Amino acid sequence: MLPNRCFHSFSQFENWVSDKHPFLPPSDVPRREFSTGLVGLVGKVKDSGDANVRPFSSVVENGDDDGGGEDDGMRDSRNERRMDGKYILNSVKNVNFDSANEHNGVDGFNENGVYGSNDVELGHGNDKDDRDIVDFMKINGFDSEHENSDEDDIDDFKENDVCDSRAVESECESDDMNSDRTVNGKQVTFVIRWNCIRNSVIMKMVSFFPTAVHKFRAFFLDKCSADVTEHLISLGPSNAAVKSYCATYMVSLRSGNEAKDYYHCGPTNSGKTYNALQRFMEAKKGIYCSPLRLLAMEVFDKVNAQGVYCSLLTGQEKKFVPFSNHVACTVEMVSTEELYDVAVIDEIQMMSDPYRGYAWTRALLGLKADEIHLCGDPTVLNIVRKICSETGDELHEHHYDRFKPLVVEAKTLLGDLKNVRSGDCVVAFSRREIFEVKMAIEKHTSHRCCVIYGALPPETRRQQANLFNDQDNEFDVLVASDAVGMGLNLNIRRVVFYSLSKYNGDKIVAVPASQVKQIAGRAGRRGSRYPDGLTTTLHLDDLDYLIECLKQPFEEVKKVGLFPFFEQVELFAGQFPNVTFCQLLEKFGENCRLDGSYFLCRHDHIKKVANMLEKVQGLSLEDRFNFCFAPVNIRDPKAMYHLLRFASAYSQNVPVSIAMGLPKGSAKNDGELLDLETKHQVLSMYLWLSHQFREETFPYVKKVEEMAVSIAELLGKSLVNACWKPESRQRRKPKPEEKKEGYERPRSLVKLHEKKRADKSMPAGDSSKATA
């Protein structure tokens, strides 16, 4: 157990209140940097002067909202504000998803929440010309944004890139102490004095941070021993009682109970994750933290197949296996409240990821387990050593080498895809390039190609991987993005880089050496038909850079990511009650002080969603926080539109419906394929939101799950038959013709008519010359 991981929440708000409130003096307990780095700044922010500051809400205008109320109070206040957001709900209702069924049921939705009745099947792209979506795109800047992003960096959005899913911590279920508890027969005295202490220390802080107070009260009741209770009773309701609890009780629990951390350090195909999973399955109770839904699903299947009962927990899916003491989850969904014997955190080097790194940092610092096994490359080894030395955890290092070395083929494909062979994986870094490579290989060779890239659902990627691994079919070549770097067991003989440059959202840059190593290392796998790994490039010009990347040692990471929890945002919001959520995040980023080991993760995507949701009134701070973390592709206007619609319906206190029908069949062109991808992303977003809010607010989960499975199957069939040129998810607007300056005399209609006749009679070649 790691009891020292239990106390950062109290340390955070104790540090914040200490300068303001004499009833809670600072303790001398040593704190972890993670505990004080993010929230220590709050005490330095200018005092608002109001001891009863309400939690942040962007709709507080007339002071009628009671910030200290619970969820029911929020719901009542939403009903009073319905008229303020009426225009948004109307814009949602005006969407003509299926005019033939617009009068069926309430607002056109049937009992399953699907627009129309009898499971109406809609054609692909039936809402592309919908005026509401067009207006939405114009308002939110989708028309001109990313006009130059032809490369369409497909793995800027993976199912977990935005946050596929942040863990939701359980709240205290009971506010009352067990009345049967006695201390030396002084039951009545204890209850009276306990209430005095609680009122003077805890209840005064509810107006500042209600969520944190509930959790601290639950923590106190669970951890308080009889000896400490007797001592607190003897002191009575005073500053001494609070200081005694903070300093004496916490220090006594911190000492002598540190965890053992095991760092399994090595490249791909070295057995590091295998060894950690063996220890995971041997434990009485364990948790596996995955970087991807796909990998969590794979471990879930593997562990259950070996007779160890294991449940699955991702942002979109929860499968509870009876009698299971093991959990395979995505890293954002890990619980820091449960106690485990063994915890495994995979791809620990992702702590340095600019967007998602905070999830790995939170897991390392927050997990309560006797053993924590970290799997990854050496890039974050030194910073993990530093963290363990500061927390008092014992670190054991296990270093691994590849079972067989990775060999670089000096002979490239010489720029000709005809040289592709069975078992090859051609890696491209844009969706457009992936489909171009697939078309070229299938046109000029006898090979058939499977396709894997980040925007595909995990089920579709798994289906494509199984198709490629199966030796009894004609699909013997894989064309993939950098999504192939983790999460799939593939029988790859040789990794061929189509190019070694990618679009990073701003410009074309070289692929980082660490990413090149990760992808190239997927070639060759112990126990497969290709145990020896090969790698090369399509063009000879890229070969030198490939060799240079593989020779480079792993670059040491100096900082790892952090991002505030909701409780921390709630604390900070108490000082700025009248700013928008987006402005609140900006102020947090400007004021937070982090030491040299941490950085604040980028949250541009969160701010973009927050800006869009400012027009939705009636959402509490926690509601906005949850909606902003929904897994949405911010570059897809349709997905953003549906997120806005979900938030609007929720704010109106009406059941959130799907308003989307199933396509008739597999895609016949790239536009229909993009439409299928978007539909699945919207359904995935609905499932994620259903796990963040009450069940009755998102009541159509079963129907959405069925639709998601159907669309994933259609995507698999579509990729098998794909033979078309790719389109951009955001089409460019035609540039308006420049008007000539000055006055232009109207041309003679007779001459114009004669010119048209001459152009028609002229051969095509002569016409082009004449035009030139």
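The values are calculated or read from the model by the stated rules, or taken from the named source; none is laboratory data. Computed from a prediction, not measured in an experiment: that's the story for all the values here. Cβ placement follows ideal geometry from the backbone for every residue including glycine, while neighbour counts extend to all protein chains displayed. Calculation scope for accessible area: heavy atoms of the full protein, side chains included, ligands and nucleic acids excluded. Shrake-Rupley method; radii C 1.70, N 1.55, O 1.52, S 1.80 Å.
Of all residues in the range 597-616, how many are among the β-branched types (Val, Ile, Thr) and under 20 Å from residue 652 (Cβ atoms)?
2
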Checking 676, 621, 689 in turn, the sole residue that is in contact with a Pro (Cβ under 6 Å, 6 or more places away or on another chain) and closer than 27 Å to residue 332 by Cα turns out to be 621
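Any chance the range 555-563 includes a residue that's over 15 Å from residue 620 (Cα atoms), open to solvent by 20 Å² or more (accessible area, probe 1.4 Å) and in a helix (DSSP H, G or I)? Before you say what the answer is, go through the steps one by one.
Residues of the range 555-563 that are over 15 Å from residue 620 (Cα atoms), as a first pass: 555-563.
Within this subset, residues satisfying the condition of being open to solvent by 20 Å² or more (accessible area, probe 1.4 Å) are 555-559.
Still in the running and in a helix (DSSP H, G or I): none.
Among the residues of the range 555-563, not one is over 15 Å from residue 620 (Cα atoms), open to solvent by 20 Å² or more (accessible area, probe 1.4 Å) and in a helix (DSSP H, G or I), which makes the answer no.
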Of (1) closer than 25 Å to residue 722 by Cβ; (2) out of contact with any strand residue (DSSP E or B) (no Cβ under 6 Å at 6 or more places or on another chain), residue 628 satisfies every one except (1)
Pairs returned, first residue in the range 508-525 that is in the same structural domain as residue 485 (by the TED database), second residue that is of a type in the set (Asp, Glu) and outside any helix (DSSP H, G or I), beta-carbon separation under 6 angstrom, 6 or more apart or interchain, are 524/532
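Here is a check on your reading of the model: is residue 372 open to solvent by less than 10 Å² (accessible area, probe 1.4 Å) and in the same structural domain as residue 539 (by the TED database)? First the steps, then the outcome.
Details: open to solvent by less than 10 Å² (accessible area, probe 1.4 Å): yes; in the same structural domain as residue 539 (by the TED database): no.
Considered against the rule, which asks whether it is open to solvent by less than 10 Å² (accessible area, probe 1.4 Å) and in the same structural domain as residue 539 (by the TED database), residue 372 comes out as no.
Would you list the strands (runs of 3 or more DSSP E) that sit entirely within the range 446-552 and hold 3 or more residues that are open to solvent by less than 10 Å² (accessible area, probe 1.4 Å) and farther than 18 Å from residue 416 by Cα? Can you show your working first?
Numbers: elements: 448-452, 475-480, 494-497, 501-503, 508-510, 533-537.
Strands (runs of 3 or more DSSP E) meeting the threshold: 448-452.
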Note on the range 668-689: residues open to solvent by 10 Å² or more (accessible area, probe 1.4 Å) and either of a type in the set (Phe, Trp, Tyr) or farther than 18 Å from residue 633 by Cα (or both) are 668, 669
Note on residue 360: of the conditions (1) surrounded by 14 or more Cβ atoms within 10 Å (Cβ to Cβ); (2) more than 30 Å from residue 686 (Cβ to Cβ); (3) of a type in the set (Phe, Trp, Tyr), unmet is (2)
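So for the range 733-745 (the condition being in contact with a helix residue (DSSP H, G or I) (Cβ under 7 Å, 6 or more places away or on another chain) and either at pLDDT 95 or above or in a loop (DSSP other than H, G, I, E, B) (or both)), does at least one residue qualify? Explain how you work it out, then say what you get.
Here is the first cut: in the range 733-745, the residues in contact with a helix residue (DSSP H, G or I) (Cβ under 7 Å, 6 or more places away or on another chain) are none.
No.
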Given (1) open to solvent by 20 Å² or more (accessible area, probe 1.4 Å); (2) closer than 21 Å to residue 598 by Cα; (3) aromatic (Phe, Trp, Tyr), residue 572 misses just (1)
Flagged in the range 383-412 as open to solvent by 40 Å² or more (accessible area, probe 1.4 Å) and among the polar types (S, T, N, Q), in numbering order, are 389
All-but-one check, residue 664 against (1) open to solvent by less than 20 Å² (accessible area, probe 1.4 Å); (2) touching an Asp or Glu at 6+ places or on another chain (Cβ under 9 Å), failing number (1)
Verdict on residue 633 being at positive phi, touching a residue at least 60 places away in the same chain (Cβ under 8 Å) and open to solvent by 10 Å² or more (accessible area, probe 1.4 Å)
no
Those residues of the range 418-445 which are buried (at least 17 other Cβ atoms within 10 Å of the Cβ) and either free of Cβ contacts under 8 Å to residues at least 40 places away in the same chain or not in a helix (DSSP H, G or I) (or both) amount to 420, 423, 424, 425, 426, 427, 428, 429, 430, 440, 441
